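*Asks:* Provided herewith is a single structure, encoded as structure tokens, for subsequent inquiry.
None of the figures in this text is laboratory data; all of them are computed from the coordinates on show. Keep in mind that this is a model prediction, so the values were computed, not measured. Cβ sites come from the backbone with ideal geometry, for glycine too, and all protein chains shown count toward neighbours.
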């Protein structure tokens, strides 16, 4: 029997999974990773396309294993205005697949300095792709604006958080508590939009059944 409250997430990123679990904590769903999921080769043009690629890959794996559950794919990235929006969808591959996040942040600042631009504007983007047990898949994308900090600040978060200065808080994402970050982050906004869409679909189905 299918578990209608279970969502398997197509990720091996512990930091991302931690955030998603917190963001879904007050929803009807519980989130789990799936050991059989293997990372896919992502594209370089679209967050939504990459999120869908991950979700469908996990969906096929679950089907092959005789499992039934909702599936969620997530793709996110950092876009820097002075770098023409890079690293963007290549954020997790910036500096090479073996680079540490500290190395990627240092490389980003070095490239920004070499650009000669004084513009430090940046934004985080998150796309979610949801495959329900029944019904039509849903995709959402949200972003949050900020700036690249002069140096790493804060120990919380992951990826580029220590380099992402969020002006309304006067802190980097890595200096915010998880609760503070989740209220304003790209991933938090995307999850909110997705849950709203899921509730709307459920209500439409309920009305259609009356």
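*Asks:* Using R₀ = 45 Å, calculate the FRET efficiency as 1/(1 + (r/R₀)^6) where r is the Cβ-Cβ separation of residue 17 and residue 121; round to 0.05.
*Replies:* 0.95
*Asks:* For the range 6-209, I need the span (max minus min coordinate) of the C-alpha atoms along each principal axis, in Å, sorted largest to smallest.
*Replies:* Largest first, the range 6-209 extends 59, 33, 27 Å along its Cα principal axes.
*Asks:* Right, here's the next one. Given the -39500 (n - 2.57) contribution per DSSP H run of 4+ residues, what per-residue ellipticity at 222 nm results for the chain, rounded to the nearest 500 deg cm²/dmol? Display every interim value, and only then the final one.
*Replies:* Values: 5 runs with 74 residues, N = 210.
Per the formula, -11500 deg cm²/dmol.
*Asks:* Still on this model: Based only on the alpha carbon positions, what is the Kirkwood hydrodynamic radius of the range 81-155, in angstrom? Walk me through the numbers on the way to the answer.
*Replies:* Details: mean 1/r = 0.0694 Å⁻¹.
Result for the range 81-155 stands at 14.4 Å.
*Asks:* Which order do 11, 136, 61 fall in if you start with the one that has the fewest other Cβ atoms within 10 Å?
*Replies:* Ascending number of Cβ neighbours within 10 Å: 136, 61, 11.
*Asks:* From a point 7 Å beyond the Cα of residue 205 in the direction of its Cβ, which residues of the range 11-45 have a backbone N at a distance under 20 Å?
*Replies:* 24-32
*Asks:* Continuing with the same structure: Using only Cα atoms, find the angle between the long axis of helix 101-115 and the longest principal axis of the chain, and express it within 0 to 90 degrees, rounded to the nearest 10.
*Replies:* 50 degrees
*Asks:* Can you tell me the orientation of helix 14-23 relative to the chain, as the angle in degrees between its alpha-carbon axis and the longest Cα principal axis, to the nearest 10?
*Replies:* Result, in degrees: 60.
*Asks:* Measuring from label point to label point, each 7 Å out along Cα→Cβ, what is the residue 196 to residue 27 span in nm?
*Replies:* So the label points at residue 196 and residue 27 sit 1.4 nm apart.
*Asks:* Please determine, in degrees from 0 to 90 and to the nearest 10, the orientation of helix 47-64 with respect to the longest principal axis defined by the Cα atoms of the chain, where the helix direction is its Cα long axis.
*Replies:* 40 degrees
*Asks:* Still on this structure, please answer the following. Could you tell me the relative contact order of the range 6-209? Use alpha-carbon pairs under 8 Å, at least six residues apart, and round to a whole percent.
*Replies:* Numbers: 362 pairs, mean separation 36.7, N = 204.
18 percent.
*Asks:* While we're here: Obtain the nm distance between the two label points defined at residue 100 and residue 40 by a simple spin-label model: each point lies 7 Å from its Cα along the Cα-to-C-beta direction.
*Replies:* About 3.1 nm separates the two model spin labels.
*Asks:* For the range 1-58, what relative contact order do you get, as a whole percent, if you take Cα pairs closer than 8 Å and at least 6 residues apart? Before the final figure, lay out each step's value.
*Replies:* Numbers: 50 pairs, mean separation 21.8, N = 58.
In percent, rounded to a whole number, it is 38.
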